[in-house]
Amino acid sequence: MLPHATTTAVLVNPNNPTAEIRLNDIQTAARSVGQEINILNASTIRDIDAAFAKLTQMRPDALLVATDPFFFTRAAQLVVLAARHAIPSLYFRREFAAAGGLMSYAANFNESYRLLGVYAARILKGEKPGDLPVQRPTKFELVINLSTAKALGLEVPPTLLARADEVIE
């Protein structure tokens, strides 16, 4: 979507126990494609506002919002700030794109909940929870908000639209 982007800001909650692991993965992936990563930390509502103020000074090409329950509870604030600062943003839940965010790429939660039901049934039938395999998500969804892309002056390549699981007009 941004073929000439060289710098991406990543909003992360440093209080999240998985934050460091996620950042390491993001930085490794970014290095492999020649991207520079700028980290923005936020764990409170005020921190989010401060992060976006800092974002304005950094002037990255895009923003990645790292997976975090706190950020999910602040989805409206994050989407509004990204629009106000005209920064193309990628989120971790489809609800962000539905609320006006540019795009999301995430595990399909309906599939995860279905699997949870299957596991509950297996346990109720007598299987020991410790004997059940740990499964990672295998189905992911890409959601693109075309209205937001247009507002940002971005043209979504037809190949990306074709790959999207949902396109919000």
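Can you give the Kirkwood hydrodynamic radius for the range 7-168, in Å, rounded to one decimal and based on Cα pairs?
17.2 Å
Measure out, as a whole number of angstrom, how far apart the alpha-carbon centroids of the range 1-54 and the range 106-169 sit.
What the calculation gives is 22 Å, centre to centre.
Please give the length that would be gained between D25 and V134 if that part of the chain were fully extended, namely 0.36 nm times their separation in residues minus their C-alpha to C-alpha distance (nm, one decimal).
37.2 nm
So if each residue of separation counts as 0.36 nm, and I subtract the Cα-Cα distance between E169 and Y119, what length gain in nm does that give?
Gain in length upon complete extension: 14.3 nm.
Any aspartates and glutamates with Cα under 17 Å of the K54 Cα? List them, leaving off those in the same chain fewer than 8 positions away.
Filter leaves E36.
Please work out how much length the chain gains when fully extended from E127 to F72, using 0.36 nm per residue of separation minus the C-alpha to C-alpha distance, in nm with one decimal.
16.4 nm
Throughout, read-outs are computed from the coordinates displayed, never taken from laboratory work. All of these numbers come straight from a predicted model, not from anything done at the bench.
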